[in-house]
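Have a look at the structure below, then the notes.
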Amino acid sequence: MYRVLMIEDDAMIGDMVTMYLKEEGFHVIREENGTSGIAAISQFQPDLILLDWVLPDMDGLAICRQVRETSSVPIMIVSMKNKIVERVNALGAGADDFMCKPFSMHELIARAHALIRRAQRYPSMNQLPDAQSRHQEQEEVKPAKSTVIAAVMDKQDKITLNTNTRSMCVYGEIVETTYSEFEIMRCFINNPGRVYSREDLLQTVRGFDSFVTDRAIDVHIANLRKKIEDNPKEPKWIRTVWGVGYKFVHM
């Protein structure tokens, strides 16, 4: 039984979503504010977080950023906000999906299953151990052989990607990435020097993000620069090719 943590202060919406998810076999708990919601993560160890943007005590995006410091649990933001820039901001904060209120319960459930399925298929090194143990108990799977690709910079492996665990290391330290950031970084490392247009990168990540746009690609690139560059404002590795897109260079 998959666990869903809903952080939602609207009782009517919370009760309705809880009822539908329980009917689909999910174990659901609801917290009404960000403080109790964050506290519940370590105790409940959810497989998915449904997060309202506007909460009584905290901004939903601030919660999203805080969760992303320690966990890669899938996060779906559910909000009345529906502008593209707001969706992009949610993506930049680390959300995996975004749904606008009002929404179809059938679509919500389908997206919930999809997010959990992807998280199981591509587990993070920082995945909560109890959640992973539950998944392993459901089905004994022989671990695949790890495949590591690396970009040599400054005469050493600065960036390594493990395609089995879908984890990225920068100078030996694990750095959390979203699904799309990992896919973009894998393209870059496998094809150094190749210029990728935004459309190329959109095609690369489509199917991982439910809302990808040219602007979202720019957000992914900005986030990756923060994670791998010594000075993100003057990037050495992920270069902008003006009028075309981006390319990755290494020593």
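The values are calculated or read from the model by the stated rules, or taken from the named source; none is laboratory data. Bear in mind that the values here come from a model prediction, so they are computed numbers and not experimental data. Cβ placement follows ideal geometry from the backbone for every residue including glycine, while neighbour counts extend to all protein chains displayed.
Residues checked against (1) under 16 Å from the mean Cα position of the chain (by Cα); (2) modelled with pLDDT of 95 or more; (3) closer than 29 Å to ILE174 by Cβ; (4) among the aromatic types (Phe, Trp, Tyr):
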position	(1), (2), (3), (4)
PHE44	no, no, yes, yes
PRO56	no, no, no, no
VAL67	yes, no, yes, no
THR70	yes, no, yes, no
VAL73	yes, no, yes, no
ASN82	no, no, no, no
LYS101	no, no, no, no
ALA114	yes, no, yes, no
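For every residue, the table says whether it meets (1) outside the structural domain of GLU183 (by TED's automatic domain parsing); (2) out of contact with any Pro (no Cβ under 9 Å at 6 or more places or on another chain); (3) more than 28 Å from ASP218 (Cβ to Cβ); (4) buried (at least 17 other Cβ atoms within 10 Å of the Cβ).
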| residue | (1), (2), (3), (4) |
| --- | --- |
| ILE41 | yes, yes, yes, yes |
| PHE44 | yes, yes, yes, yes |
| ASP52 | yes, yes, no, yes |
| PRO56 | yes, yes, yes, no |
| ASP59 | yes, yes, no, no |
| ALA62 | yes, yes, no, no |
| SER79 | yes, yes, no, yes |
| GLY94 | yes, yes, no, yes |
Heads up, the helices (runs of 4 or more DSSP H) in region 1-78 (entirely inside) with at least 3 residues that are within 19 Å of ASP96 (Cβ to Cβ) are 34-44, 60-68
Could you please find all residues in region 60-85 being under 20 Å from HIS113 (Cβ atoms) and hydrophobic (A, V, I, L, M, F, W, C)?
VAL73, ILE75, MET76, ILE77, VAL78
I'm trying to understand the selection: among the residues of region 216-243, which are assigned to a helix (DSSP H, G or I), among the charged types (D, E, K, R) and either touching a Lys or Arg at 6+ places or on another chain (Cβ under 8 Å) or not assigned by TED's automatic domain parsing to the domain that holds SER180 (or both)?
ASP218
For region 1-41, name all the residues that are in contact (Cβ under 8 Å) with a residue 60 or more places away in the chain and either in contact with a Cys (Cβ under 6 Å, 6 or more places away or on another chain) or of a type outside the set (Val, Ile, Thr) (or both).
TYR2, ARG3, GLU8, MET16, TYR20, LEU21, GLU24, PHE26
